[in-house]
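Notes to accompany the following structure.
The values are calculated or read from the model by the stated rules, or taken from the named source; none is laboratory data. Note that the structure is predicted; figures quoted are calculated from it, not measured. So basically every Cβ, Gly included, is an ideal-geometry build from the backbone, and we count neighbours across all protein chains shown.
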Amino acid sequence: MKAIYLDHAATTPIHPKVAEVMTESLQANFGNPSSVHSFGRKARQVLDKARAVAAASISATEKDIVFTSGGTEADNMAITGVALANQTKGKHIITTKIEHHATLHTVENLEKQGFEATYLDVNEDGAIDINQLKSALRDDTILVTVMMVNNETGVIQPIAEIGQLLEEHKAYFHTDAVQAYGMLPIDVNELKVDLLTVSSHKINGPKGLGFLYVDPNVSLQALQHGGEQERKRRPGTENVAAIAGFTEAIKLGQAERVDRYSKYQGFRDQFLQILREQEVTFSINGEDAERVPNIVNVSFPGTNVEALLTNFDLSGVAASSGSACTAGSVEPSHVLSAMFTENSSCTTNSIRFSFGLANDEENVSAAAEKIGQIVKRLAK
Ligand SMILES: Cc1ncc(COP(=O)(O)O)c(C=O)c1O
């Protein structure tokens, strides 16, 4: 039995072309990019190209891209880096209740260091209310951090509207675009964001790599100290082969973005249609909100997450409940708790299915059939 992977929001399989580029680069570009000799210069060229490709993908300039060890580090760098550099202007940060833990725990850590935070609510569809943000803004607000797409529900937040609102305010605007990048078009100038987080392993690139876009007007304190790499914002010898792979993943993602969008939309619709045909009782969390097509969060009344996931796994289907970082834990999802109430059964009977490179029509149908049978059995 070949297992079927429906958990691309947790991580994605590496694209074969990315693996090829990385394997070649591991041997061909082993030089240290900071070395002045030819080996170093060759490795430096890989970084220069990567920076150009990454910058172009969000309509930014090369010098504004900082390579990091992934989305988590980029979020930490943006939030803590801005907070520490701007604390004389104010100590208030605004975020939302549905951010990834890379953001939430970073903000909570700053609260322990004397910063103040406001956590915006979301409605039943998982979207924030721009008016609540407006009233939360204060003279001492130095940073607003709101994710572009939620990793559990796929719900898209009003980033352009927030960017517009903050034009009139001194607070910097950071968005965690980890789940949006590669699905939605992103232009940092149009969106008016100052900082933006991207992760490589969500777009068929290698793990342990990402980048932070930092607008030149942002004062950011480096969190690590060492060499001059990444314009002193992120010292340490760069992972050149992984960066070469990431570059390839970005290029493929950009070239195929529109096709992937409609392909995954097709998979999602086909998947839900099969559940309906089997007369499975379910509802979609965030159904009426604007969502990306590759993530769907489904509540199955009368069931619970642990039994569902175990049975799916036994039948060869991999999915997850909420964020992969908390998968395996029985705690109700903080995202669904914010959308409904903590006592709502949706927080303990919902599964995230996410589509991507490992899927085709055949395995999506096969997975939906199996899932339908399991849910009907467990919901009895
Ligand atoms: C929205 C979001 N932000 C940040 C991260 C963390 O990224 P990384 O795994 O690259 O550290 C994830 C990963 O699950 C995510 O979904």
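Residue-wise test of (1) at pLDDT 95 or above; (2) aliphatic (A, V, I, L, M); (3) at positive phi; (4) buried (at least 19 other Cβ atoms within 10 Å of the Cβ).
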site: Ala10; (1), (2), (3), (4): yes, yes, no, yes
site: Val36; (1), (2), (3), (4): yes, yes, no, no
site: Ile65; (1), (2), (3), (4): yes, yes, no, yes
site: Ala74; (1), (2), (3), (4): yes, yes, no, yes
site: Gly81; (1), (2), (3), (4): yes, no, no, yes
site: Ala85; (1), (2), (3), (4): yes, yes, no, no
site: Thr96; (1), (2), (3), (4): yes, no, no, yes
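None of Ile186, Ile156 is closer than 25 Å to Val21 by Cβ, among the β-branched types (Val, Ile, Thr) and either in the same structural domain as Ser135 (by TED's automatic domain parsing) or within 13 Å of the ligand (Cβ to nearest atom) (or both) except Ile186.
Hey, any hits in the range 152-168 for a residue that's without any contact (Cβ under 8 Å) to a residue 24 or more places away in the chain, more than 20 Å from the chain's Cα centre (by Cα) and farther than 19 Å from Arg291 by Cβ? Walk me through it before giving the result.
Residues of the range 152-168 without any contact (Cβ under 8 Å) to a residue 24 or more places away in the chain: 168.
Subset that is more than 20 Å from the chain's Cα centre (by Cα): 168.
Those left that are additionally farther than 19 Å from Arg291 by Cβ: 168.
Within the range 152-168, one or more residues are without any contact (Cβ under 8 Å) to a residue 24 or more places away in the chain, more than 20 Å from the chain's Cα centre (by Cα) and farther than 19 Å from Arg291 by Cβ.
Consider the range 202-231 and keep the residues that are in contact with a strand residue (DSSP E or B) (Cβ under 8 Å, 6 or more places away or on another chain) and within 16 Å of the ligand (Cβ to nearest atom). The one that is nearest to Phe39 (Cα to Cα) is Leu209.
I'd like the full set of residues that are in contact with a Gly (Cβ under 7 Å, 6 or more places away or on another chain) and not small (Gly, Ala, Ser), limited to the range 85-123.
Of all residues in the range 85-123, those in contact with a Gly (Cβ under 7 Å, 6 or more places away or on another chain) come to 91, 98, 102.
Passing the criteria: Lys91, Ile98.
Screening the range 232-346 for helices (runs of 4 or more DSSP H) wholly inside it with 2 or more residues that are within 16 Å of the ligand (Cβ to nearest atom) and closer than 30 Å to Asn29 by Cα returns the ranges 240-277. Within the set Asp176, Asp194, the sole residue that is of a type in the set (D, E, K, R) and in contact (Cβ under 8 Å) with a residue 40 or more places away in the chain turns out to be Asp176.
Please pick out the residue among His105, His101 that is closer than 22 Å to Thr11 by Cα, free of Cβ contacts under 8 Å to residues at least 12 places away in the same chain and within 12 Å of the ligand (Cβ to nearest atom).
Details: His101 fails: free of Cβ contacts under 8 Å to residues at least 12 places away in the same chain.
Just one listed residue meets the conditions, His105.
Scan the range 207-233 for residues that are out of contact with any Asp or Glu (no Cβ under 8 Å at 6 or more places or on another chain) and more than 17 Å from Lys49 (Cα to Cα) and the total you get is 14. His225 passes every criterion in (1) over 22 Å from Ile94 (Cα atoms); (2) under 20 Å from the mean Cα position of the chain (by Cα) apart from (2).
From the list Ile65, Ile93, which one is within 16 Å of the ligand (Cβ to nearest atom) and either closer than 30 Å to Asp139 by Cα or over 17 Å from the mean Cα position of the chain (by Cα) (or both)?
Residue meeting the stated conditions: Ile65.
Contact annotation: residue pairs with Cβ atoms under 7 Å, 6 or more positions apart or on different chains, pairing a residue in the range 10-24 that is over 29 Å from His101 (Cβ atoms) with a partner that is within 16 Å of the ligand (Cβ to nearest atom), are Val21/Gly245. Here are Leu120, Leu166: which of them is of a type outside the set (S, T, N, Q), modelled with pLDDT of 95 or more and out of contact with any Phe, Trp or Tyr (no Cβ under 7 Å at 6 or more places or on another chain)? Testing whether each residue is of a type outside the set (S, T, N, Q), modelled with pLDDT of 95 or more and out of contact with any Phe, Trp or Tyr (no Cβ under 7 Å at 6 or more places or on another chain) leaves just Leu120.
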